[in-house]
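Structure record follows, encoded as structure tokens.
The values are calculated or read from the model by the stated rules, or taken from the named source; none is laboratory data. The structure presented is a predicted model; accordingly, all values stated were derived computationally and were not measured. Heads up, the Cβs are rebuilt from the backbone with ideal geometry, glycines too, and the neighbour counts pull from every protein chain shown. Just the protein is used for accessible areas: all its heavy atoms, side chains included, with ligands, DNA and RNA removed. Shrake-Rupley method; radii C 1.70, N 1.55, O 1.52, S 1.80 Å.
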Amino acid sequence: TLSWLWDNHREVFGNAKGDIFPLLIKIIDAKKDLSIQVHPTEEYALKNLGCHGKSESWYIVNCPHNADIVMGHNAKTIQELDEYIQNKDWNGLLKRYPIFPGAFYNIQAGTLHAIQKGTTFMEVCNPCPVTYRFYDYDRLDKQGKPRQLDVEKAKDNILVPFECQDT
């Protein structure tokens with residue numbers, strides 16, 4: 001098992017120190033569009049949060065025909081990012097990429113991202129507990145108030161300009 005390897009052969013994990021297993025593996029079945037979010041970069045997390053940043057990889061297990069993901073943005077500067085936010089031009093800001101079963105995506109820390117409804121995927125990432133919600137489709141919480149957003153902290157981590165890496 002992975003836990004046995006962790007306990008007995010740390011060299012498989014780059015001789016990682018500490019008690020926290022260095023991988024988080026999840027299978028997610030998105031019933032709704034997930035919030036547009038960003039995870040802290042390594043530099044930001046180590047400096048401000050006392051933990052590592054969070055990059056993740058997605059393997060698409062199943063999705064609707066013509067499905068897509070949000071990965072990245074079109075802003076070339078922080079000022080341009082602010083203009084998109086102020087104008088609530090989410091369609092203009094967010095980059096979308098087509099997905100299909102069997103596709104693999106690497107989401108670098110600092111990348112705006114979200115899975116859309118109807119997608120089942122496997123996520124492998126490091127176990128950083130921090131996620132900054134950037135946009136949530138104006139959804140309300142159980143008390144009828146807008147769900148909490150972390151736009152300023154997200155902006156501290158969003159990579160500008162965004163360059164999509166080959167996946």
(request) With θ set to phi - 60°, apply the Karplus curve 6.51 cos²θ - 1.76 cosθ + 1.60 along region 146-157 and write out the HN-Hα couplings as whole Hz, x wherever there is a Gly or Pro. (result) x, 5, 5, 10, 10, 4, 5, 5, 4, 4, 5, 10
(message) Tell me the relative contact order for the chain as a rounded percent, counting alpha carbon contacts under 8 Å between residues six or more apart.
(response) 34
(request) Would you calculate the separation in nanometres between label points at S57 and Q79, each defined as 7 Å from the Cα along the Cα-to-beta-carbon direction? (result) 4.0
(request) Find the relative contact order for region 67-106 and round it to a whole percent, using C-alpha pairs within less than 8 Å whose residues are 6+ positions apart. (result) 56
(message) So if I restrict to the alpha-carbon atoms in region 1-71, what is the Rg, and what is Dmax, the biggest pairwise distance, in Å?
(response) 16.2, 45
(request) In whole angstrom, note down how far apart the Cα centers of region 8-78 and region 110-137 are. (result) 7
(request) Round to the nearest 10 and report in Å² the accessible area of R147, as given by a 1.4 Å probe over the protein chains' heavy atoms. (result) 80
(request) Return the single residue from K47, K145, K32 with maximal mean-square fluctuation; model: Gaussian network over the chain, springs between Cα atoms under 10 Å. (result) K145
(request) Enumerate the amide H contacts of L112 below 5 Å, restricted to partners 5 or more residues apart or on another chain; note that Pro and chain-start residues carry no placed amide H. (result) G72, L159
(request) Take the solvent-accessible surface of the protein heavy atoms, probe 1.4 Å, and return the percent of it on region 1-64 that carbon and sulfur atoms account for. (result) 56
(message) Which log10 I(q)/I(0) values does region 68-113 give at q = 0.21, 0.30, 0.31 Å⁻¹ under the Debye formula, counting every alpha carbon as one identical point scatterer?
(response) -0.73, -1.12, -1.16
(message) Under a crude label model (7 Å from the Cα following the beta-carbon direction), how far is S3 from V151 in nanometres?
(response) 4.3
(request) Given a cut-off of 23 Å, name the pairs among K88/K155; K76/K153; K26/K142; K95/K117; K95/K155; K17/K47 whose C-alpha atoms lie farther apart than that in the structure shown. (result) K26/K142
(message) Please list, in order along region 109-114, the HN-Hα scalar couplings obtained from phi with the Karplus expression 6.51 cos²θ - 1.76 cosθ + 1.60 (θ = phi - 60°), rounded to whole Hz, x for Gly and Pro.
(response) 3, x, 9, 4, 7, 5
(message) Need one number: convex hull volume per residue for the chain, Cα atoms only, in Å³.
(response) 145
(request) Compare the peptides 81-92, 7-18, 117-128 by average per-residue count of other Cβ atoms within 10 angstrom and give them in order, highest first. (result) 117-128, 81-92, 7-18
